[in-house]
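Worksheet: one structure, shown below.
The values are calculated or read from the model by the stated rules, or taken from the named source; none is laboratory data. As the structure is a prediction and not an experimental result, all values here were calculated from the model. Using ideal geometry, Cβ is built from the backbone for each residue, glycine included, and neighbour counts are taken over all protein chains shown. The protein model used for the area step is the full one, side chains on, heavy atoms only, and it has no ligands, DNA or RNA in it. Shrake-Rupley method; radii C 1.70, N 1.55, O 1.52, S 1.80 Å.
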Amino acid sequence: MSDIESMTSDWLSRIEGAADLGALEAERVAALGKQGAVTQLLKTLGGMTPEQRQAEGPRIHGLREKVSDAIAARKAALEAAELDRRLATETLDMTLPISTGAQGSVHPVSQVMDELAEIFADLGFSVATGPEIEDDWRNFTALNIPESHPARAMHDTFYFGEDKAKDGKRMLLRTHTSPVQIRTMTSQEPPIYIIAPGRTYRSDSDATHTPMFHQVEGLVIDKGIHLGHLKWTLETFLKAYFERDDIVLRLRPSYFPFTEPSVEVDVGFTMQNGRRVLGGSDGWMELLGSGMVHPRVIAACGLDPNVWQGFAFGCGIDRLAMLKYGMDDLRAFFDADLRWLRHYGFRSLDVPTLSGGVGA
Ligand code: PHE
C-alpha cells in the first residue's frame, strides 16, 4: 500500500471513530486545519518538479476530498443521532403554568364571537357556518330578493367575473350571514336553533364601515314560534353579553325582504359624564335587524311554512365589540397595529364562560 493509500485509510478510520461532534472537529483540524497533516501534504506540491506534481497532485487532492467527504458524512450522522437522543430524552411538561411573558392576544372580534357562542350555547343554539364566496341564489334569491329587487342595489355587492358563473349567475362575496339560514334549512331537519358568526363584505368604507366586516346571524325554525320568542331571546342575549340587567330594547317596524314582519331593534342608553352607557332609556341606538322568517324563504328551502315558523336576526359583531369594549373607529380593527392589539386584545387562555362573566 502506498503512503497516500495508508494515510487515507488511517484518516477515514479516525473520522469514523470520532465519538462526538467535538472529537470530529478535533480530527478535522488535525487533518484539514492550517497545520493539519493533509494541508501540510498539499503544501509539498509547491516544491515538486512538474512531473512529480502531475503524478502526486491528483492523489493528494483525492486524499483531501475523501477526508472532507468523510467528515461531512460523519457530522451528519452524529447530528442525526444527537437529535434522536434529544427527542427521546427531552420532555415538555404541559401541566406547567405558561410563562407570563407569553406573546399574542385574542382579537376583540374573536373574543366577541366566543362570547356569542357561549351565550347562545346556554340557550340551546349551535354554531353554523357557510362559505364567504357564496352563490346568488343563497345570498339573494332564496331570501326573497329576486333579480329585479331594489334591495340588491343596497347591498353594494362584490361580484366575481363571468368565468365563475354558476347557473348563469356570477358568484359573489356574501353581503350578509343570511345565506347561512338557507344552507341550514336546506341541509338539516327542523327544529333549528343556530347562530352563524362570520365575515361579510360590502363595497363601503368610512369610520363605521369597512369593506369586510363581521355579522352574526341567528335562526330559529320550530313550531308555534312568534315575535315574543324573538324579543325574549334578544333581551336575554344582550343582557348576558353586556353583563347588565337594565338593558332595554325597543322594537321598531322595519323592512327586510326575508322577514315578515320585520323589526329593527334599538338598545337604550343613558348619558354618564358625557358618554353613552348602555342600559336605561334616555336615548336609543340602532343595533340589529330581525323579524319572523318570511314564509317564502321557508318554502324556498323545501319546508312547509304552514308547519314551520321561526325568527331570524342579523347583528354586526364589530359594532357589538365597539359598544362593549369602547373602541370608536372600526377601521382600527383591521389595521393589525400591534399597539392597538396589545391594548384591546384578550388573554388567550381567558376563555369566556357565562359563570365567570363572558367578558372577564
Ligand atoms: N341580513 C340583514 C342585513 O345584513 C340582517 C337581518 C338578518 C335582518 C336576519 C333580518 C333577519 O342587514
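Name the single residue that is nearest to the ligand (Cβ to nearest atom) among those in region 199-217 being touching a Ser or Thr at 6+ places or on another chain (Cβ under 9 Å) and of a type in the set (Val, Ile, Thr).
Thr200
Cβ-Cβ under 9 Å, sequence separation 6+ or interchain: first residue in region 106-118 and assigned to a strand (DSSP E or B), partner open to solvent by 50 Å² or more (accessible area, probe 1.4 Å). Which pairs?
Between residues of region 106-118 that are assigned to a strand (DSSP E or B) and residues that are open to solvent by 50 Å² or more (accessible area, probe 1.4 Å), the close pairs are Val106/Asp114; Val106/Arg347; Val106/Ser348; Val106/Asp350.
Restricted to region 10-57, and to residues that are among the acidic types (Asp, Glu) and open to solvent by 70 Å² or more (accessible area, probe 1.4 Å), which residue is nearest to Ala80 (Cα to Cα)?
Within region 10-57, the match that is nearest to Ala80 (Cα to Cα) is Asp20.
Only one of these is surrounded by 20 or more Cβ atoms within 10 Å (Cβ to Cβ), in the same structural domain as Arg152 (by TED's automatic domain parsing) and either more than 16 Å from the ligand (Cβ to nearest atom) or closer than 30 Å to Ala153 by Cβ (or both): Val293, Val277. Name it.
Exactly one residue qualifies, and that residue is Val293.
So if I check each of Thr177, Thr186, Thr157, which one is farther than 30 Å from Ala240 by Cβ, within 16 Å of the ligand (Cβ to nearest atom) and assigned by TED's automatic domain parsing to the domain that holds Pro261?
None of the other options fit; the residue is Thr157.
What are the pairs, 6+ residues apart or on separate chains, where a residue within region 333-351 that is farther than 12 Å from Ser105 by Cα has its Cβ under 8 Å from a residue that is among the hydroxyl-bearing types (Ser, Thr, Tyr)?
Phe333/Thr210; Phe334/Thr210
Filter region 133-154 for residues that are open to solvent by 60 Å² or more (accessible area, probe 1.4 Å), away from the ligand (no atom under 13 Å from the Cβ) and part of a helix (DSSP H, G or I) and give the result.
Trp137, Pro150, Ala153
In region 311-345, what residues are under 22 Å from Thr129 (Cβ atoms) and more than 16 Å from the ligand (Cβ to nearest atom)?
Ala321, Phe333, Phe334 - these are the residues of region 311-345 that are under 22 Å from Thr129 (Cβ atoms) and more than 16 Å from the ligand (Cβ to nearest atom).
Only one of Ile60, Ile71 is assigned to a helix (DSSP H, G or I), without any contact (Cβ under 8 Å) to a residue 60 or more places away in the chain, in contact with an Asp or Glu (Cβ under 8 Å, 6 or more places away or on another chain) and of a type in the set (Val, Ile, Thr). Can you tell me which? Break it down stepwise before answering.
Numbers: Ile60 fails: in contact with an Asp or Glu (Cβ under 8 Å, 6 or more places away or on another chain).
On inspection, the qualifying residue turns out to be Ile71.
When region 218-251 is examined, which residues are found to be among the hydroxyl-bearing types (Ser, Thr, Tyr) and either within 16 Å of the ligand (Cβ to nearest atom) or more than 14 Å from Glu115 (Cα to Cα) (or both)? Before the answer, list the steps.
Step one: filter region 218-251 for residues among the hydroxyl-bearing types (Ser, Thr, Tyr), giving 233, 236, 241.
Within region 218-251, Thr233 is the sole residue that qualifies.
Only one of Gly124, Gly130 is in a loop (DSSP other than H, G, I, E, B) and in contact with a Phe, Trp or Tyr (Cβ under 6 Å, 6 or more places away or on another chain); which?
Answer to the check: Gly124.
Of the residues Pro179, Pro197, only one is under 20 Å from the mean Cα position of the chain (by Cα), within 29 Å of Asp329 (Cα to Cα) and buried (at least 22 other Cβ atoms within 10 Å of the Cβ); which?
Working: Pro179 fails: under 20 Å from the mean Cα position of the chain (by Cα).
It is Pro197.
Filter region 261-274 down to residues that are near the ligand (Cβ under 10 Å from one of its atoms) and open to solvent by 20 Å² or more (accessible area, probe 1.4 Å), then give me how many there are.
The total comes to 1.
From the set of residues in region 85-95 that are open to solvent by 100 Å² or more (accessible area, probe 1.4 Å) and under 34 Å from the mean Cα position of the chain (by Cα), which is farthest from Gly17 (Cα to Cα)?
The qualifying residue farthest from Gly17 (Cα to Cα) is Thr95.
When the residues of region 280-290 are narrowed to those that are open to solvent by 80 Å² or more (accessible area, probe 1.4 Å) and not aromatic (Phe, Trp, Tyr), which ends up farthest from Val265 (Cα to Cα)?
Residue satisfying both the conditions and the ranking: Asp282.
Just one of Ser290, Ser348, Ser355 is at pLDDT below 90, hydroxyl-bearing (Ser, Thr, Tyr) and more than 21 Å from the chain's Cα centre (by Cα); which is it?
Answer to the check: Ser355.
Quick check, is Asp318 farther than 21 Å from Trp137 by Cβ, buried (at least 16 other Cβ atoms within 10 Å of the Cβ) and acidic (Asp, Glu)?
Considered against the rule, which asks whether it is farther than 21 Å from Trp137 by Cβ, buried (at least 16 other Cβ atoms within 10 Å of the Cβ) and acidic (Asp, Glu), Asp318 comes out as yes.
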